[in-house]
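Read the structure below first, then the notes.
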Amino acid sequence: MLKIAVFGFYRPDHVHTAADDYDLPVSTRRFMRTVWEMEPPATRIGAPETSGFVKLTGLTTQPVYVQALSDRLAPGAGLCNCSGYVAIIDAVKILAPKTIQNTLRRLYELHPEAYLIVAAGRQNEPDALSSDEIREVLGLSSALPIYPYVPTEPKTVHRLIRRLVRYIDNPVRYPPPIFAGDAPPVRLPSPTVPVEKPAAEPADRPVPRFHGLDHVTITVSDLERALDFYQGLLGFRVLGHLDFPNDERGFTLTHLDTGRGVLELFSFTQAETEPPGWKGDDRQVGLRHFALRVTGLDAIADQLAGAGVPFTVGPVNSTGSARIAFFTDPDGTLIELIEGELGFSRR
């Protein structure tokens with residue numbers, strides 16, 4: 001799976017206004033609409049205006065997820081931890097250059113191995129800055145790719161996305177530095193892990209004990225839709241699938257790595273799933289929710305909300321230094337975000 005984040009700088013002082021993006025000469029929304037149209041109609045998911053991300057299946061052997069960031073989230077683009085980024089600017093007039101520089105500097109510090117392409121909007125107009133002039137104004141490296149983006153010409157978006165995918169899908173390519181004077185990132189060889197001889201088995205059998213939580217399991221009504229959410233939007237890595245060919249229900253187990261444990265999805269292709277049983281009453285017995293520990297909770301919550309994910313509780317302070325939020329997956333399963341540490345009472 002490849003992930004690309006798209007964000008833009010084309011408003012005065014980079015302040016979000018109520019103006020419709022389509023009234024602007026350059027916009028992230030227009031760009032994402034063109035990306036969405038790159039996917040064949042039969043396999044399109046949602047719409048960029050409502051879902052906030054686009055899934056492309058024909059560019060490489062693995063899915064490519066392209067997600068748009070709202071204007072106020074653009075300065076935190078580096079928190080997305082993507083393999084590629086597209087920064088849209090208005091080549092006729094570069095607004096808030098310091099904001100652009102700070103954002104790109106933060107992105108480079110967080111992910112020096114991520115690829116960045118600058119999409120120069122309206123570069124076909126007579127008064128537009130050339131690529132070299134844009135590099136001079138922003139202090140960018142001469143090796144950083146800058147491509148024209150013309151909202152009325154879809155081919156400019158197609159070329160940009162395809163080239164970025166070709167860059168990030170090739171393990172031998174090295175991304176150029178973002179700023180002039182910076183050295184390209186150095187990829188260190190993986191350290192050699194010495195092979196340890198297996199320890200001799202003890203004479204006595206080990207003492208039985210619990211080691212900790214192994215995984216959390218939920219049943220989903222549509223596996224592809226669930227993977228678009230958990231893998232595409234939340235970024236969990238699929239560990240594998242386990243099929244049961246003799247099960248008449250078409251039963252499949254799918255495991256995803258959440259970073260701190262495993263999420264197991266139950267899915268069925270030949271049987272209807274039961275409606276979700278979760279109720280908004282914590283007295284109901286059974287699984288209530290599962291929690292994901294994060295850094296930058298508010299930015300992540302804004303990003304999910306911008307992608308149309310419904311929240312039951314917005315970001316709030318909890319006990320101790322903890323900050324939490326609750327949202328639901330496409331089937332209504334409740335998920336918590338938590339940052340900081342809870343304050344426990346002794347009794």
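Sorted by mean Cβ packing within 10 Å, highest first, what order do the peptides 163-171, 85-93 take?
85-93, 163-171
Could you rank the peptides 328-338, 290-300 by their average count of other C-beta atoms within 10 Å per residue, with the highest value first?
328-338, 290-300
In Å and on Cα atoms, what radius of gyration and Dmax does the range 217-339 show?
Considering the range 217-339 through its Cα atoms, Rg and Dmax are 15.4, 50 Å.
Could the peptides 245-257, 302-314 be put in order, highest first, of the mean number of other beta-carbon atoms found within 10 Å of their residues?
Numbers: 245-257: 13.8, 302-314: 16.4.
Listed from highest to lowest mean packing, they are 302-314, 245-257.
Based on DSSP, what percent of beta bridges with both residues in the range 217-339 are antiparallel, to the nearest 5? Provide the component values of the computation, followed by the final result.
Details: 23 of 30 bridges.
Close to 75 percent.
Provide the percentage of antiparallel DSSP beta bridges, counting only those with both residues in the range 2-168; round to the nearest 5. Display every interim value, and only then the final one.
Numbers: 4 of 26 bridges.
Percent antiparallel among DSSP bridges in the range 2-168 is about 15.
Values quoted throughout were computed directly from the atomic coordinates according to the rules given, and no laboratory measurement underlies them. Only a predicted model underlies this, so the values are computations on that prediction, with no experimental measurement involved. Using ideal geometry, Cβ is built from the backbone for each residue, glycine included, and neighbour counts are taken over all protein chains shown.
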